[in-house]
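*Asks:* Could you have a look at this structure, given as structure tokens, before my questions?
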């Protein structure tokens with residue numbers, strides 16, 4: 001369902017009708033925020049269909065769904081549209097009882113949200129890959145991950161959420177999947193040292209075997225290929241569509 | 001408890017011991033994000049004591065509580081520290097059953113969170129009061145509030161959360177209280193037209209009568225006085241301490 005099928009709809013396209021019994025997800029194949037929502041839907045096995053959107057030449061109808069014409073957004077059967085990846089993840093988790101991803105304990109939930117919030121430090125640095133990669137100091141990147149290594153040690157579980165991936169794992173995963181892009185684009189100084197990140201590297205290995213992760217994950221080389229097309233001025237949104 | 005008592009602690013101060021049976025809130029008297037947490041605590045009548053912090057000359061111990069040395073932060077009786085106003089508001093609401101502020105319905109909760117998120121448009125504009133007030137276009141400010149007027153009309157209730165203030169009301173209130181600063185500082189073009197905002201102006205009047213709001217609210221003139229002291233380079237954190 002999420003393995004690169006489906007062209008990205010552009011300006012002039014028609015808004016596809018909703019599919020009976022399925023939730024609609026508006027997405028872009030390479031968007032990490034959209035991937036967060038794919039991960040939650042796939043982990044919880046919530047039936048959904050995907051409409052991919054070309055973000056360079058946006059369909060006019062997208063602005064009827066999302067005031068700013070962004071993805072991810074979900075549309076419910078009654079036409080209600082919701083957006084913002086973290087709000088969506090939480091809504092999907094709390095509205096469907098299959099496999100809860102967030103902790104039921106308010107304090108643990110707050111701690112997990114803080115951890116997800118702290119991850120934005122890494123995200124901010126990561127985005128220099130699009131703007132100013134030469135100015136990116138690898139030690140800054142490593143430092144932003146130290147507390148995640150420490151947290152896994154402290155929690156003494158393979159995943160942040162325990163013995164299975166949960167909300168923290170899925171919300172930070174899209175950028176962890178893309179972290180190898182830094183190595184390809186900017187060199188070996190961005191390789192995570194195994195002696196500094198034993199737990200986090202093991203976690204990454206485990207995550208790659210998770211069914212929900214497998215459903216939307218891409219190789220770093222594909223991420224880089226898309227990045228290069230984006231840098232050239234014409235992002236190749238459909239590069240994985242056969 | 002929150003009416004301007006208490007000096008703001010500075011560099012060199014000693015971290016005050018926790019008070020038995022009370023939650024500790026680290027705050028700054030004029031900080032709208034901290035006010036969000038005061039509002040939730042006061043609305044839910046959760047016992048707490050406040051330590052006010054001078055954000056220009058921060059106490060060294062603040063960085064042991066919050067990695068970035070920011071307020072608001074709360075400290076629980078076991079020493080756990082949590083921060084980020086929205087995470088705090090949600091934690092306090094879900095961990096204490098007195099007067100729930102958020103909806104128990106996942107969809108309504110998601111819609112409310114989106115509304116709070118959309119309010120950041122107003123917040124971003126509002127902060128030009130500190131940087132570039134002359135460049136602030138009043139119509140942009142009014143436009144950012146149109147959807148809140150429309151939402152109140154749609155919900156057909158005096159408050160966003162119904163017949164009593166709830167999460168949306170309290171989370172957006174601190175900047176609504178400060179909106180009159182724009183009029184004082186930048187002139188009448190920032191007066192909200194009654195024919196454009198009948199519901200929102202009525203809401204504001206109702207909110208000012210709310211007990212929790214009264215506990216932390218300040219007149220626009222005091223907000224401006226603090227703003228001026230801040231602009232002069234020495235924010236007068238203790239200006240309300242008698």
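*Asks:* Per the Cauchy relation, a quarter of the hull surface: what is the mean projected area of the convex hull of the alpha carbons in region B:103-242, in nm²?
*Replies:* On the way: hull surface 36.9 nm².
That works out to 9.2 nm².
*Asks:* Within a 10 angstrom radius of the beta carbon, how do B:57, A:163 rank from fewest other beta carbons to most?
*Replies:* Values: B:57 13, A:163 8.
Result, fewest neighbours first: A:163, B:57.
*Asks:* Rounded to a whole number, what is D in µm²/s for region A:1-156 from Stokes-Einstein with the Kirkwood radius over alpha-carbon pairs (20 °C, 1.002 mPa s)?
*Replies:* Approximately 122 µm²/s, per Stokes-Einstein.
*Asks:* For chain B, what is the calculated [θ] at 222 nm in deg cm²/dmol (nearest 500), taking -39500 (n - 2.57) for each run of four or more DSSP H residues and dividing by its residue count?
*Replies:* Details: 12 runs with 117 residues, N = 242.
Rounded to the nearest 500, it is -14000 deg cm²/dmol.
*Asks:* Quick one: order B:204, B:45, A:70, A:113 by neighbouring beta-carbon count within 10 Å, fewest to most. Working shown, then result.
*Replies:* Details: B:204 16, B:45 12, A:70 20, A:113 24.
The fewest-first ordering by Cβ neighbours comes to B:45, B:204, A:70, A:113.
*Asks:* If you don't mind, there's one more thing I want to ask. Between the alpha-carbon centers of region A:89-134 and region A:173-209, tell me the distance in whole angstrom.
*Replies:* Going from one Cα centre to the other spans 18 Å.
*Asks:* List B:93, A:49, B:210 from most exposed to least, where exposure is judged by having the fewest other Cβ atoms within 10 Å.
*Replies:* Details: B:93 22, A:49 14, B:210 19.
Lowest to highest Cβ neighbour count: A:49, B:210, B:93.
*Asks:* Kirkwood-based Rg over Rh for the protein assembly as shown (C-alpha set), two decimals? Display every interim value, and only then the final one.
*Replies:* Numbers: Rg = 23.7 Å, Rh = 24.5 Å.
Value, to two decimals: 0.97.
*Asks:* Can I get the semi-axes of region B:23-99's equivalent ellipsoid? Compute them from the C-alpha gyration tensor as square roots of 5 times the eigenvalues, in angstrom, largest first.
*Replies:* Equivalent ellipsoid semi-axes, largest first: 20, 13, 10 Å.
*Asks:* Right, next: For B:106-119, what's the mean count of beta carbons from other chains sitting within 10 Å of each residue's beta carbon?
*Replies:* Numbers: counts 7, 7, 0, 5, 12, 4, 1, 6, 8, 0, 1, 4, 3, 0.
For peptide B:106-119, the averaged partner shielding equals 4.
*Asks:* Which whole-number percentage describes the relative contact order of chain A, with Cα contacts under 8 Å and a sequence gap of 6 or more? If you can, show how the numbers build up before the last one.
*Replies:* Details: 314 pairs, mean separation 55.6, N = 242.
Value for chain A: 23 percent.
Read the figures in this text as sums done on the coordinates, not as results from a lab. Quick caveat, the model's predicted, so the values are computed rather than measured. With ideal geometry, Cβ positions are generated from the backbone for all residues, glycine too; neighbour counts draw on all protein chains shown.
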